[in-house]
Structures are given as structure tokens and as C-alpha cells.
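The values are calculated or read from the model by the stated rules, or taken from the named source; none is laboratory data. Everything numeric here is computed off the predicted structure, so don't read it as measured data. Counting neighbours? That spans all protein chains shown, and the Cβs are built from the backbone with ideal geometry, glycine included.
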Amino acid sequence: MFGYRGVIVDVDPHFLGSEEWYAQVARSRPPKDSPWYHVLVDGQGHSTYVAERNLEPDAKGGPIDHPELSRHFQRLGQDGYETRRMIH
């Protein structure tokens, strides 16, 4: 939909951003009461916040290039990225 690939690193059960951000950035006005995802953007150094209805499966597959990837994942396996276990 927006022309980029990425990998999900976190999910919020509903929109948790500010009203100001929603008004300025979420121009398609996706629902706030559905899940929103934190996504590392392929080939960029930033992440984005995406409403569930704006996500599409990645037909290309393959690795994502992002400087924070190793912070979240161990490696790319056959079924996708393998999450790094966090120790608290």
C-alpha cells in the first residue's frame, strides 16, 4: 500500500500514539480500536507505526536491511525471522 517492506517488531492492541500524530500522519484515518504495529523499514534507519488494515504480506520474502534488526531477531529462518529472547 505504501511501497515499502518491513518486519514487525511489536504490536499495540489499539492505537497508542498521540492525537496530533494521528491527525498529521494517519491520513487514511485507519481505526484506532484495531491493532497497530511497530515496523522496521527495509533499507532505512527508521521504524514506522502501521495500522493493521494497512499491512500486506511480503511477496518477496528474503532479508530486511535495517540497523536494529539484530536487536530484535537472531536470524532469518525458513518461516521468517527468529525472535531474540529477551532476558529481564
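Data for the structure
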{"read-out": "For GLN74: the one exception among (1) farther than 19 Å from LEU16 by Cβ; (2) surrounded by 15 or more Cβ atoms within 10 Å (Cβ to Cβ)", "value": "(2)"}
{"read-out": "Candidate set from the stretch 10-20 (those that are outside any loop (DSSP other than H, G, I, E, B) and free of Cβ contacts under 8 Å to residues at least 12 places away in the same chain); member that is farthest from GLU52 (Cα to Cα)", "value": "GLU20"}
{"read-out": "Residue in the stretch 48-59 that is modelled with pLDDT under 90, outside any helix (DSSP H, G or I) and either surrounded by 10 or more Cβ atoms within 10 Å (Cβ to Cβ) or within 14 Å of the chain's Cα centre (by Cα) (or both) present", "value": "yes"}
{"read-out": "Given (1) assigned to a loop (DSSP other than H, G, I, E, B); (2) touching a residue at least 12 places away in the same chain (Cβ under 8 Å), number of the condition LEU40 does not satisfy", "value": "(1)"}
{"read-out": "Test for ASP42: is it out of contact with any Cys (no Cβ under 8 Å at 6 or more places or on another chain), at pLDDT 95 or above and more than 18 Å from ILE8 (Cα to Cα)", "value": "no"}
{"read-out": "Looking only at the stretch 1-25, and only at residues there that are surrounded by 13 or more Cβ atoms within 10 Å (Cβ to Cβ) and hydrophobic (A, V, I, L, M, F, W, C), the one that is farthest from PRO63 (Cα to Cα)", "value": "PHE15"}
{"read-out": "Tabulated pairs, the stretch 56-80, first more than 11 Å from LEU40 (Cβ to Cβ), second surrounded by 10 or more Cβ atoms within 10 Å (Cβ to Cβ) and of a type in the set (S, T, N, Q), C-beta under 8 angstrom, 6+ apart or interchain", "value": "GLN74/THR83"}
